[in-house]
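The block underneath contains the structure these notes are about, expressed in structure tokens.
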Amino acid sequence: MISELYITGAGVSADSGIPTFRGKDGFWTIGSKNYTPQEMATRYMYENNPEEFLVWYYKRFAKYRNVLPNNVHKWLANKTLITQNIDGLDGKAGNTQYIAIHGRLDKVTKYHEQGLTVDILDAPWSLIANECPDEKDKKKLSKVLLDYFKISISTKKPEKMKSLKPFVLLFDEFYTNMYRMNEAEIWMQKAKKIIFLGTSFSVNITSIALNYGLSNNTTIEIVDPNPINLELENIKYFKMTAEEYINNYINQKN
């Protein structure tokens, strides 16, 4: 059994300077000139317009590659943890076993059919930044991105098992074992308590975890300054930040 399973969302990384996805300045409020964020963050866009997809992804996410973990990440370093965040801050904080269920900003894979297992590689963000230090130079940035992601500048079409793709689960993709989905479900089934920290409950993994928890009569806690009332029984709400919650947790243990 797992005594406590933590499932974290974007709210946990806000104190590290990373915007939440659906807040006022969040990632899903900022698209491109022609597309909404929900249209940009798709496999369809990567396959059909990789140039625009990569420029958008680089400007919105790669800029946070050097951000440091905060106190919450450090406290979670020895916990059983599934995070929806791709920022990699839990790994930087020292958690070696956590599941990054939506992928990782610092990694890429070869472009492949979903369901296959391929190698996870280091992302070339620093090399790209060195070659194109001015991200406002879209023409040069586009060329450099296509080059590093091994996409032909003439066809502008990614090639399977040759081109690279950010290791991130996009809106129109499904959970696979590349993202350790089977392992995550085993953790959910074995958990005696599931604690949700800083999540808006707007993605599938939270629904999956809730279903497991409710089916198994697992203790469920939701921690958020403005928690969504799921109108379900046997859920305890903590209207506070993740850091306030862990401070209370520590004080109770002492």
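Read the figures in this text as sums done on the coordinates, not as results from a lab. Just so it is clear, the model here is predicted, and its values are computed rather than measured. Positions of Cβ are backbone-derived with ideal geometry, glycine not excepted, and every protein chain shown enters the neighbour counts.
How many residues are closer than 15 Å to residue 173 by Cβ and either touching a helix residue (DSSP H, G or I) at 6+ places or on another chain (Cβ under 7 Å) or not β-branched (Val, Ile, Thr) (or both) when one looks only at segment 72-103?
5
Give segment 182-209 a look and list any residue that's within 13 Å of residue 82 (Cα to Cα) and of a type in the set (A, V, I, L, M), or say none.
Matches in segment 182-209: 184, 186, 188, 191, 194, 195, 197, 205, 208, 209.
Going residue by residue through segment 160-178, is there one that turns out to be closer than 30 Å to residue 227 by Cα and small (Gly, Ala, Ser)?
The answer is no; no qualifying residue exists.
If a residue has to be more than 25 Å from residue 168 (Cβ to Cβ) and either surrounded by 17 or more Cβ atoms within 10 Å (Cβ to Cβ) or free of Cβ contacts under 8 Å to residues at least 24 places away in the same chain (or both) to count, how many in segment 206-220 make the cut?
The total comes to 6.
Looking only at segment 223-243, decide whether some residue is touching a helix residue (DSSP H, G or I) at 6+ places or on another chain (Cβ under 7 Å), surrounded by 15 or more Cβ atoms within 10 Å (Cβ to Cβ) and in a helix (DSSP H, G or I).
yes
From the residues in segment 117-128 that are in contact (Cβ under 8 Å) with a residue 24 or more places away in the chain and among the hydrophobic types (A, V, I, L, M, F, W, C), which one is surrounded by the most Cβ atoms within 10 Å (Cβ to Cβ)?
Within segment 117-128, the match that is surrounded by the most Cβ atoms within 10 Å (Cβ to Cβ) is 123.
Residues of segment 171-209 being more than 16 Å from residue 103 (Cα to Cα) and part of a loop (DSSP other than H, G, I, E, B), which ones?
The answer is 192, 198, 199, 200, 201, 202.
Go through segment 174-205 and count every residue that is within 14 Å of the chain's Cα centre (by Cα), β-branched (Val, Ile, Thr) and surrounded by fewer than 21 Cβ atoms within 10 Å (Cβ to Cβ).
Adding up the residues that qualify gives 1.
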